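The values are calculated or read from the model by the stated rules, or taken from the named source; none is laboratory data. No experiment lies behind these values; they were computed from the predicted model shown. When we count neighbours, we look across all protein chains shown, and the Cβ atoms used for this are built from the backbone with ideal geometry, even at glycine. Just the protein is used for accessible areas: all its heavy atoms, side chains included, with ligands, DNA and RNA removed. Shrake-Rupley method; radii C 1.70, N 1.55, O 1.52, S 1.80 Å.
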Amino acid sequence: VFVREVDDAVREDQIRNFWSRFGKTVLGLIVVGLIGYGGYLFYNHSQSQDAGETAELYVKALGEAKIGNPEAAKTLALVKADGDDAYRAVALLTEADIAARKNDDKQAIALFGQVAADSKAPQPYRDVALLKQTVMQFDSLKPDDVIARLKGLAVETNPMFPSAAELTAAVLEATDGRGV
């Protein structure tokens, strides 16, 4: 019993010594950790809120574009300015689609090309833009150029494979495999 009491007293003394030496440091680290976590939560929340506002703005632009409202261009410009790289790419794709519907092929091709060449845009958006650009230029491109453009998309693991393979097959069929 005496040994147990001594062990308890020694442990208690060690704990007191630890807290007297390192207590402020431990509490400081805990406070800094909580402040850092709170900052992370605040930043994450503000990013989500900003993304939500940009999404609402984009939906508004789509609605305006659907009814042919000329304000759609201004709203899409706001989406490009306020949004991240993905929203910027989506806004450019939407502008290109609007231009294509207005038979402004030159503008549409340029916008699709801009998205396809943007290394900051997410890869799926770049792939869609390249595919749409190629479709719009299909009749004016050389067969070798079409195949070269779609080479990265015409692989079975790429989601764009069916469309890219179909365009590649159309080029090969049109040329009967000659010169390609």
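When you scan region 59-74, how many residues do you find that are without any contact (Cβ under 8 Å) to a residue 24 or more places away in the chain and surrounded by 15 or more Cβ atoms within 10 Å (Cβ to Cβ)? Break it down into steps so the answer makes sense when it comes.
First pass over region 59-74, keeping only residues without any contact (Cβ under 8 Å) to a residue 24 or more places away in the chain: 59-60, 63-64, 66-71, 74.
Retained after the next criterion (residues that are surrounded by 15 or more Cβ atoms within 10 Å (Cβ to Cβ)): 60, 64.
Summing the residues that are without any contact (Cβ under 8 Å) to a residue 24 or more places away in the chain and surrounded by 15 or more Cβ atoms within 10 Å (Cβ to Cβ) in region 59-74 gives 2.
Counting only residues that are touching a helix residue (DSSP H, G or I) at 6+ places or on another chain (Cβ under 7 Å) and among the charged types (D, E, K, R), how many does region 114-159 have?
Here the count works out to 5.
Across region 133-161, what is the number of residues that are within 22 Å of K106 (Cβ to Cβ), touching a residue at least 24 places away in the same chain (Cβ under 8 Å) and open to solvent by 70 Å² or more (accessible area, probe 1.4 Å)?
Total meeting the criteria: 1.
Hey, can you tell me all the residues within region 66-87 that are small (G, A, S) and part of a helix (DSSP H, G or I)? Give the derivation first.
The first filter runs over region 66-87 and keeps only residues small (G, A, S), leaving 68, 72-73, 77, 81, 83, 86.
Matches in region 66-87: A72, A73, A77, A81, A86.
Taking the residues in region 11-58 that are at pLDDT 90 or above and of a type in the set (V, I, T) as candidates, determine which candidate is surrounded by the most Cβ atoms within 10 Å (Cβ to Cβ).
Going through the qualifying residues, I end up with V26.
Quickly run through region 131-180 and pick out the residues that are among the small types (G, A, S) and on the phi > 0 side of the Ramachandran plot.
Just the residues of region 131-180 that are among the small types (G, A, S), to begin with: 140, 148, 152, 154, 163-165, 169-170, 174, 177, 179.
Residues satisfying the conditions are G177, G179.
What is the residue count in region 1-10 for residues that are surrounded by 10 or more Cβ atoms within 10 Å (Cβ to Cβ) and aliphatic (A, V, I, L, M)?
Residues that pass the stated criteria total 3.
Please enumerate the residues belonging to region 81-97 that are farther than 19 Å from Q49 by Cβ and open to solvent by 30 Å² or more (accessible area, probe 1.4 Å).
Result: E95, D97.
Are any residues in region 98-132 open to solvent by 60 Å² or more (accessible area, probe 1.4 Å) and touching a residue at least 24 places away in the same chain (Cβ under 8 Å), and if so, which ones?
Residues satisfying the conditions are D105, K120, P124, Y125, K132.
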